[in-house]
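Undergrad: One structure is given below, represented as structure tokens, and several questions about it will come after.
The numbers here are math on the coordinates, done by the rules we state, and not lab data. Computed from a predicted model, the values in this text were never measured in an experiment. Every residue, glycine as well, gets a Cβ built from its backbone with ideal geometry; the counts of neighbours run over all protein chains shown.
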Amino acid sequence: MLPASKMWALAAGGFALWVAVVSPLSVLDHQLLTAHMVQHLLLMMIAAPLILLGAPPIRLSLPPAVCWLASTAVVIGWHIPALFELGMQWHALEHASFFAAGLLFWWPVIMGKPSWSIPLYLFLATLPCDALSAFLTFCGRVVYPHYLYAPGALRDQEVAGALMWIAVTFAYLGPAAAVTIKMLTPARVTAR
């Protein structure tokens, strides 16, 4: 039987999946880019790491660089306007790819051995997301035709970009700081 902490992590991850895909939020994603962004953030930044935290140890033979590149390609790829429009029609596929990319991305952080490469891995992951977020926030025009005629579309896009920027920064740099602190903390020697 799984320890209580792992069961809670699995339950919380499952709940985050439900909120992203089945809750009323899923109805709003066709009307608001911000709701669409919240879905992606829930899938990649909350559901995926929580489910990994609750899962038994998993062996994966992929190098962390491959995990990083694959997850970054999914995030950037789905934000290319033509693919974004396709994703609005094939939403289940888009959600599944974001969730899978989240699992792949977080695997080296949660399941791998703690090392100095993890903070670097997490820091480098913020850079493409920061660039994309800055573009969405400051470009001055509606990027995705799906939202072109939505009320307040440009403002909604700016909020979605800012939300992504802030969420990704904290979601990646928080664990990077925790790993760094853990590695800098001397190991305690227990008396026998």
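Undergrad: Quick check on the exposure proxy: order S61, S117 from fewest to most C-beta atoms within 10 angstrom.
TA: Values: S61 5, S117 14.
By the 10 Å Cβ count, ascending: S61, S117.
Undergrad: Ranking request for peptides 90-102, 141-153: highest mean number of other beta-carbon atoms within 10 Å first, then the rest in descending order.
TA: Averaged packing, sorted descending, gives the order 90-102, 141-153.
Undergrad: Using the scaling law 2.2 N^0.38 Å as the reference, what is the normalised Cα Rg of the stretch 1-104?
TA: In units of the 2.2 N^0.38 Å rule of thumb, it is 1.13.
Undergrad: Would you please state the base-10 log of I(q)/I(0) at q = 0.08, 0.16 1/Å for the chain, with intensities from the Debye formula using one equal scatterer on every alpha carbon?
TA: Each listed q maps to, in turn, -0.29, -1.03.
Undergrad: Helix-derived [θ] at 222 nm for the chain: sum -39500 (n - 2.57) over DSSP H runs of at least 4, divide by residue count, nearest 500?
TA: Rounded to the nearest 500, it is -23000 deg cm²/dmol.
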